[in-house]
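*Asks:* Next up is a structure, given as structure tokens.
The values are calculated or read from the model by the stated rules, or taken from the named source; none is laboratory data. What you see is a predicted model; the values in this text were computed from it and never measured. So basically every Cβ, Gly included, is an ideal-geometry build from the backbone, and we count neighbours across all protein chains shown. With ligands, DNA and RNA removed, areas are computed over all heavy atoms of the protein, side chains included. Shrake-Rupley method; radii C 1.70, N 1.55, O 1.52, S 1.80 Å.
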Amino acid sequence: MNFLIGFVIAAAVGLTGIGGGSFTVPALMLLVGLTAGEAVGTAFLFAGVLRLIAAPFYLLGKQIHSRYLRLLLQGAVPGLLVGTWALHLLNQEAGNPLVVVLLGVLLAASSSVTFVRRVQNPSFALKNHRWLPWLALPIGVESGFSSAGAGALGTVLLLNYSEMTPGQVVGTDLLFGLVLAAIGSAFHWSFGSINGPVLLQLLVGGVPGVVAGCLLARRVPANKLKTAVAMVAIFAGLQLVWTGSRAFAARRANNAAGITAHAGVGHAR
């Protein structure tokens, strides 16, 4: 199962450039049974390796815009640290349903950006570049909390507010996500929230998957694939919201029953 999950997710990333964190986190929680912290940490490192494999193609093709990359990282890296630390604090209690619900909301919201109508303003960043780090800050927060967002949100931001070509946008966003994945993975590793055996199994399927996706990218209509990827990711996010909400309701019912039973014992005494 883990080999297949890794291959499918990596192929989707190679074909469309999005879906790494949005797919991996719900798959690891719903199908593999990892906790929220382990799922995010493992997804971070998995996505980082996939981007590391794909990045040289864009670097050799000179499709990286260093100035925009630097501006994005100025805002996203502090946000990443905030999001990662927030997840660590909230997830100290394993299986916290609140974290599951928040992850589901963030994953569904970031995936739905694919369907937002673009209002392109290429001159914005050229004239107002100082605002880009602030626009990238919430992307970093979401990426730190859920491992998702760098791909879909970063791409939309650069497409709408820069004069770069689509190839430069994909290449710059790919390296942007790679840097965030490297930093985020280091923090999750220090927290002990990366599941090594599951990660290795994902990579066994993921490495050939991302290579296959990159090779097929020019032959498959990317827009239709992105729509399909986003729809599945939204569904997975909503499934996490449903699962977390049910767990939260069950926990409240159990706590209420425990309080009632304790009160009954005290009254009997």
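*Asks:* Closer than 20 Å to Ile194 by Cβ, in a helix (DSSP H, G or I) and either open to solvent by less than 30 Å² (accessible area, probe 1.4 Å) or at pLDDT 65 or above (or both): does that describe Leu73?
*Replies:* Considered against the rule, which asks whether it is closer than 20 Å to Ile194 by Cβ, in a helix (DSSP H, G or I) and either open to solvent by less than 30 Å² (accessible area, probe 1.4 Å) or at pLDDT 65 or above (or both), Leu73 comes out as no.
*Asks:* Only one of Gly61, Gly33 is open to solvent by 40 Å² or more (accessible area, probe 1.4 Å) and at pLDDT 80 or above; which?
*Replies:* That would be Gly33, the only listed residue that is open to solvent by 40 Å² or more (accessible area, probe 1.4 Å) and at pLDDT 80 or above.
*Asks:* Please determine whether any residue of segment 207-216 is surrounded by fewer than 19 Cβ atoms within 10 Å (Cβ to Cβ), at pLDDT 75 or above and under 17 Å from Phe23 (Cα atoms).
*Replies:* Yes.
*Asks:* Could I ask something else about it? Residues Leu158, Leu178, Leu200: which one is in a helix (DSSP H, G or I), surrounded by 22 or more Cβ atoms within 10 Å (Cβ to Cβ) and at pLDDT 75 or above?
*Replies:* Criteria check complete, one pass: Leu158.
*Asks:* Look at Ala39 and say whether it is at pLDDT 80 or above and either in contact with a strand residue (DSSP E or B) (Cβ under 9 Å, 6 or more places away or on another chain) or under 14 Å from Val210 (Cβ atoms) (or both).
*Replies:* no
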